[in-house]
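This report refers to the structure that appears directly beneath it.
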Amino acid sequence: MAANTADPRPPRISLITVCWNAEQTIADTLRSIDAQTYRDFEHIIIDGGSSDSTLAIIAAAPADNRRVLSGRDGGIYEAMNKGVGLASGDIVGFLNADDTFESSGSLETVAAALEDETYDGCYGDLIYVSNQHTDRKVRYWKSCAFQPGSFARGWCPPHPTFYVRRRIYGRFGTFDLRYRLAADVELMMRFLEVARIKTIYIPRVLVRMRLGGATNKNVQNISRQNKEVLRALAGHGLKVSVPLFWASKLVNRLGQFLTRNR
């Protein structure tokens, strides 16, 4: 029998957008999604029961690969779990309603990285931009390849650039709703530090994120989120030096501002 020399099938991506009263930003998000050159993806929108014009804006931008579920939920991470439950693609990722892709080739880059079945997931870099002027860079979140122990030093990938195979959620679980501000960090910690899934780092910007999200809108929320991260580290039995954790976070954050003009 002749060997099968066919090229591997390109992976199908499930892209999930969570939104609530996002009339100021959702149109930009939809435009950046619809401009993607990679077309083998489904777009699932989980709306938390918006009372503004969010749903009307979505309805005015129909797409054959787009599904919308609207209704009250318990917050962003519960909505993300709903999206994961609806996903049918090989790979799952998120682009929320105040984010946009950096270029029309972002999903193409993700799909190319994960054509290699050796890898369970991938992630890249992210730029924070001004809420009002999205062409103005404020912070450059440059990541790096994962090394064991990184989360205890305050490191994590930018979640909006984090894509993993859907089967990973089936094996290791979805977002833990006990964490109100850091469930995304805890999930990536669980996948990388505990389960040791195999990921590949893509050294390029994949997403632009507006400043002002739930976790970075004020100092109190930033502090609360990091305290949740420390609780997650302890919960997973990962050794951490609290002073080193906070010092590393400070140095990393300063580095993001210093490289903002890259």
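The values are calculated or read from the model by the stated rules, or taken from the named source; none is laboratory data. Computed from a predicted structure; not experimentally measured. Cβ atoms come from the backbone with ideal geometry, glycine included; neighbour counts cover every protein chain shown. When the accessible area is computed, the model is the full protein with side chains, heavy atoms only, and any ligands, DNA or RNA have been set aside. Shrake-Rupley method; radii C 1.70, N 1.55, O 1.52, S 1.80 Å.
Right, M209: under 17 Å from N252 (Cβ atoms), open to solvent by less than 10 Å² (accessible area, probe 1.4 Å), in contact with a Pro (Cβ under 8 Å, 6 or more places away or on another chain) and of a type in the set (A, V, I, L, M) or not? First the steps, then the outcome.
Values: under 17 Å from N252 (Cβ atoms): yes; open to solvent by less than 10 Å² (accessible area, probe 1.4 Å): no; in contact with a Pro (Cβ under 8 Å, 6 or more places away or on another chain): yes; of a type in the set (A, V, I, L, M): yes.
Criteria not met by M209.
Hey, I33 hits all of (1) open to solvent by 10 Å² or more (accessible area, probe 1.4 Å); (2) at pLDDT 95 or above but one; which does it fall short on?
(1)
What's the number of the condition L95 fails, among (1) within 21 Å of E193 (Cβ to Cβ); (2) touching a Pro at 6+ places or on another chain (Cβ under 7 Å); (3) open to solvent by less than 40 Å² (accessible area, probe 1.4 Å)?
Only one criterion is unmet by L95, namely (1).
Quickly run through the range 36-48 and pick out the residues that are surrounded by 14 or more Cβ atoms within 10 Å (Cβ to Cβ) and either in contact (Cβ under 8 Å) with a residue 40 or more places away in the chain or assigned to a strand (DSSP E or B) (or both). Walk me through it before giving the result.
Applying the first criterion (surrounded by 14 or more Cβ atoms within 10 Å (Cβ to Cβ)) to the range 36-48 yields 36, 38, 40-48.
Hits for the range 36-48 are Q36, Y38, D40, F41, E42, H43, I44, I45, I46, D47.
For the range 90-110, give me each residue that is in a helix (DSSP H, G or I) and of a type in the set (D, E, K, R). Please lay out each step first, then the result.
Residues of the range 90-110 in a helix (DSSP H, G or I): 106-110.
Result: E108, single match.
For the range 216-262, how many residues meet the condition of being open to solvent by 50 Å² or more (accessible area, probe 1.4 Å), part of a loop (DSSP other than H, G, I, E, B) and modelled with pLDDT of 85 or more?
5
Being under 23 Å from F101 (Cα atoms) and open to solvent by 10 Å² or more (accessible area, probe 1.4 Å) is the filter here, so list the residues in the range 186-206 that pass it.
If we filter the range 186-206 for residues that are under 23 Å from F101 (Cα atoms), which is where we start, we get 187-188, 199-206.
Within the range 186-206, T199, I200, Y201, I202, P203, R204, V205 qualify.
Answer with yes or no whether A79 is touching a residue at least 40 places away in the same chain (Cβ under 8 Å) and within 15 Å of A22 (Cβ to Cβ). Explain how you work it out, then say what you get.
Values: touching a residue at least 40 places away in the same chain (Cβ under 8 Å): yes; within 15 Å of A22 (Cβ to Cβ): yes.
So A79 fits the description; yes.
Looking at R180, R167, which is the one that is open to solvent by 30 Å² or more (accessible area, probe 1.4 Å), over 14 Å from the mean Cα position of the chain (by Cα) and free of Cβ contacts under 8 Å to residues at least 40 places away in the same chain? Let's see the steps before the verdict.
Values: R180 fails: free of Cβ contacts under 8 Å to residues at least 40 places away in the same chain.
Result of the check over R180, R167: R167.
Could you grab me the full set of residues in the range 128-140 that are touching a residue at least 40 places away in the same chain (Cβ under 8 Å) and either in a loop (DSSP other than H, G, I, E, B) or crowded, with 18+ Cβ neighbours inside 10 Å (or both)? Write out each step before concluding.
Step one: of the range 128-140, the residues touching a residue at least 40 places away in the same chain (Cβ under 8 Å) are 128-131, 134, 137-140.
The answer is Y128, V129, S130, N131, T134, R139, Y140.
So, in the range 49-66, of the ones that are touching an Asp or Glu at 6+ places or on another chain (Cβ under 7 Å) and of a type outside the set (G, A, S), which residue ends up surrounded by the most Cβ atoms within 10 Å (Cβ to Cβ)?
Filtering first and then ranking leaves T54.
Condition check: buried (at least 19 other Cβ atoms within 10 Å of the Cβ), under 20 Å from R31 (Cβ atoms) and hydroxyl-bearing (S, T, Y). Does S106 satisfy that?
Working: buried (at least 19 other Cβ atoms within 10 Å of the Cβ): yes; under 20 Å from R31 (Cβ atoms): yes; hydroxyl-bearing (S, T, Y): yes.
The answer is yes for S106.
List every residue pair whose Cβ atoms sit under 7 Å apart, with the two residues 6 or more apart in sequence or on different chains, where the first one lies in the range 91-103 and is under 12 Å from P158 (Cβ atoms) and in contact (Cβ under 8 Å) with a residue 40 or more places away in the chain and the second, anywhere, is part of a strand (DSSP E or B) and open to solvent by 30 Å² or more (accessible area, probe 1.4 Å).
D99/R208; D99/M209; E102/R208
Looking at the range 141-163 only, could you name the residues that are in a strand (DSSP E or B) and either closer than 15 Å to V194 by Cα or open to solvent by 10 Å² or more (accessible area, probe 1.4 Å) (or both)? Give the derivation first.
Pass one, the range 141-163, residues in a strand (DSSP E or B): 141, 163.
W141, the sole residue that qualifies.
Working only within the range 67-89, note down all residues that are outside any strand (DSSP E or B), open to solvent by 50 Å² or more (accessible area, probe 1.4 Å) and not acidic (D, E).
Correct list: R72, G74, I76, K82, G85, L86, S88.
With of a type in the set (S, T, N, Q) and more than 22 Å from T17 (Cβ to Cβ) as the only criterion, which of Q132, Q147 stands out? First the steps, then the outcome.
Values: Q132 fails: more than 22 Å from T17 (Cβ to Cβ).
None of the other options fit; the residue is Q147.
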